[in-house]
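Colleague: Structure incoming, see below.
The values are calculated or read from the model by the stated rules, or taken from the named source; none is laboratory data. In this text the structure is predicted, and so the values were computed from the model without any measurement. Here the Cβ is made from the backbone with ideal geometry for all residues, glycine too, and neighbour counts use every protein chain on show.
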Amino acid sequence: MAKKLHIETFGCQMNFSDSEIVASVMTDHSHVLTDDPSEADIIFLNTCSIRDHAEQRVLNRLRELQHLRRKSPGLVLGVIGCMAERLKEKLLEEEELGMRVDMVAGPDAYRQLPQLLANVEAGKQAINVILSAEETYADITPVRYGDNPVSAFISIMRGCENHCAYCVVPSTRGRERSRDPESVLSEARQLVDAGYKEVTLLGQNVNSYRWERSDEVVDFSRLIGMVASVDSSLRVRFATSHPKDMSDALLEQMARYNNICKAIHLPLQSGSTSVLRRMNRKYTREDYLGRIDAIRGILPGCAVSTDIIAGFCGETEEEHRETLSLMQEVGFDFAFMFKYSERPDTLAAQRYADDVPDKVKTRRLTEVIELQQKLSLASNERDVGSVQEVLAEGFSKRSDDYMMGRTSHNKVVVFPAENVKPGDYLTVRITSCTSATLKGEKV
Ligand code: SAH
Ligand code: SF4
Ligand code: F3S
């Protein structure tokens, strides 16, 4: 019987993309989607384990949702995604968890969701956390149920085998595998036909994308060229690049296509070679700066954003200052910044003591954030007076008189809404800025 399904997604873009696969599997089994949890028969939380805080948010939400059981006793509450994979059966132990979860499915088990639901209804255990070396969901057309009719994600690979010492992803997402390029292209074509103007190619480390069949090899730089050729008015973005694998061939390919956006997310984590070694990142401070030089040489003006972890195991004050000095040297346009959070069973948890006191981590993170705010402001100030192509996405949060869109550099621009609709490309002169947004007007 058709049930109403509500999905809530936590964590990274990969998870948002996976929720569209889940929506597709479930609607193919005649269930319908609802964005109102109070009228749902099934609620899935697609979860993230990257930091302890991410898991706490999910547990809080699960606790909040328990009250809905009183109203609808048949409610099925499922935990899917990375936290399902990490905690497995523990999520079904009601006494341990302090609340009831009805089903658990890891990231490679989404085809089995209808079966797991049938198990719940039959009063049987409903858990599948088997990771696969092959599953890419290549044949499943994601259901785009979000509210962005302009920009969509295309997942091009799954899993990760980099084993950065702090990271749970290799154990929650399993072996690295690439998706058939033909299925990526046909998804891009479908999106163009449906009116989408931008796609983001997703993987934990897109630069190691590799598809081999007989004598043909498609690597990431080839793939992105193929996607960019689908339609010259389709913007193409990608995330994430690992500094150890980001090739000049990719940069040259980006230079070749106007519609590949000039923005690279290149997670640094730390500016100190000794910390990077403990993190098992496989590049040094100098290697990283060498990649930045290559970007500046091949793609002048390209935006560079990053991720930084403050207070990793054994981080000294001097090592921390090396992160600040590298940030200053590169002048990142944007950054995601985190306090190190020890994750059970990772290399770091096994090998090193989580020995930077929380107060010190917090102070270092604050220094990193304050510096980045200055760098972001400086980056935005450099754009004031320039004229840029902006893809309009929707109305601004503050007022319906204004819309927001993005530049090729992935910066948000707010501009008067008059005569503009979502999906339009327009030429905008940047008139002012804050550290977070640009303001402009149509020229
Ligand atoms: N695959 C991507 C990142 C995935 S996780 C990459 O390699 O760049 C996103 C970010 O979360 C990471 O770049 C890192 O900065 C941060 N992160 C991962 N594990 C963490 C941990 N245990 N504590 C704090 N931050 C963490
Ligand atoms: Fe985690 Fe490193 Fe893989 Fe990124 S590359 S997902 S940080 S292990
Ligand atoms: Fe989180 Fe899993 Fe993504 S741990 S960051 S949802 S891959």
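Colleague: What is the one condition in (1) within 28 Å of residue 104 (Cβ to Cβ); (2) touching a residue at least 40 places away in the same chain (Cβ under 8 Å) that residue 207 does not satisfy?
Modeller: (1)
Colleague: Run down 165, 152 and say which single residue is away from ligand 3 (no atom under 16 Å from the Cβ) and either assigned to a loop (DSSP other than H, G, I, E, B) or touching a helix residue (DSSP H, G or I) at 6+ places or on another chain (Cβ under 9 Å) (or both).
Modeller: Of 165, 152, the one residue that is away from ligand 3 (no atom under 16 Å from the Cβ) and either assigned to a loop (DSSP other than H, G, I, E, B) or touching a helix residue (DSSP H, G or I) at 6+ places or on another chain (Cβ under 9 Å) (or both) is 152.
Colleague: Failed condition for residue 378, given (1) among the small types (Gly, Ala, Ser); (2) more than 17 Å from residue 51 (Cα to Cα); (3) in a loop (DSSP other than H, G, I, E, B), with all others met?
Modeller: The number of the failed condition is (3).
Colleague: Being modelled with pLDDT of 95 or more, more than 30 Å from residue 315 (Cβ to Cβ) and surrounded by fewer than 15 Cβ atoms within 10 Å (Cβ to Cβ) is the requirement here; does residue 427 meet it?
Modeller: Here the answer is yes, as residue 427 does meet what is asked.
Colleague: Could I ask something else about it? Among what's in the stretch 389-410 and is among the small types (Gly, Ala, Ser) and closer than 24 Å to residue 265 by Cα, pick the residue that is surrounded by the most Cβ atoms within 10 Å (Cβ to Cβ).
Modeller: 405
Colleague: If you take the residues of the stretch 269-317 that are of a type in the set (S, T, N, Q) and part of a strand (DSSP E or B), which of them is farthest from residue 378 (Cα to Cα)?
Modeller: 269
Colleague: Give the stretch 76-94 a look and list any residue that's over 19 Å from residue 66 (Cα atoms), surrounded by 20 or more Cβ atoms within 10 Å (Cβ to Cβ) and not acidic (Asp, Glu), or say none.
Modeller: Listed by number, the residues that qualify are 81, 82, 86, 87.
Colleague: Working carefully through the options 321, 364, 343, find the one that is over 26 Å from the mean Cα position of the chain (by Cα) and not assigned by TED's automatic domain parsing to the domain that holds residue 172.
Modeller: The conditions single out 321.
Colleague: Here's a follow-up. Of the residues in the stretch 285-295, how many are surrounded by fewer than 16 Cβ atoms within 10 Å (Cβ to Cβ) and free of Cβ contacts under 8 Å to residues at least 40 places away in the same chain?
Modeller: So the answer is 3.
Colleague: Moving to a separate point now. Quick check on the stretch 342-371: of everything there that is in a helix (DSSP H, G or I) and in contact (Cβ under 8 Å) with a residue 60 or more places away in the chain, which residue is nearest to residue 317 (Cα to Cα)?
Modeller: 368
Colleague: Where residues in the stretch 329-341 are outside any loop (DSSP other than H, G, I, E, B) and out of contact with any Lys or Arg (no Cβ under 6 Å at 6 or more places or on another chain), which of them is farthest from ligand 1 (Cβ to nearest atom)?
Modeller: For the stretch 329-341, the residue satisfying everything is 329.
Colleague: Then there's this: Do we find a residue being touching a Leu at 6+ places or on another chain (Cβ under 8 Å), surrounded by fewer than 17 Cβ atoms within 10 Å (Cβ to Cβ) and farther than 28 Å from residue 414 by Cβ anywhere in the stretch 298-311?
Modeller: Yes - at least one qualifying residue is present in the stretch 298-311.
Colleague: On the given criteria, is residue 196 away from ligand 3 (no atom under 16 Å from the Cβ), among the hydroxyl-bearing types (Ser, Thr, Tyr), under 21 Å from residue 146 (Cβ atoms) and in the same structural domain as residue 158 (by TED's automatic domain parsing)?
Modeller: yes
Colleague: With the requirement that a residue be within 16 Å of ligand 2 (Cβ to nearest atom), assigned to a strand (DSSP E or B) and among the aliphatic types (A, V, I, L, M), what does the stretch 174-207 give you?
Modeller: Correct list: 201, 202.
Colleague: If you take the residues in the stretch 191-221 that are over 24 Å from residue 407 (Cα atoms) and of a type outside the set (Asp, Glu), which one is farthest from ligand 1 (Cβ to nearest atom)?
Modeller: Selected residue: 214.
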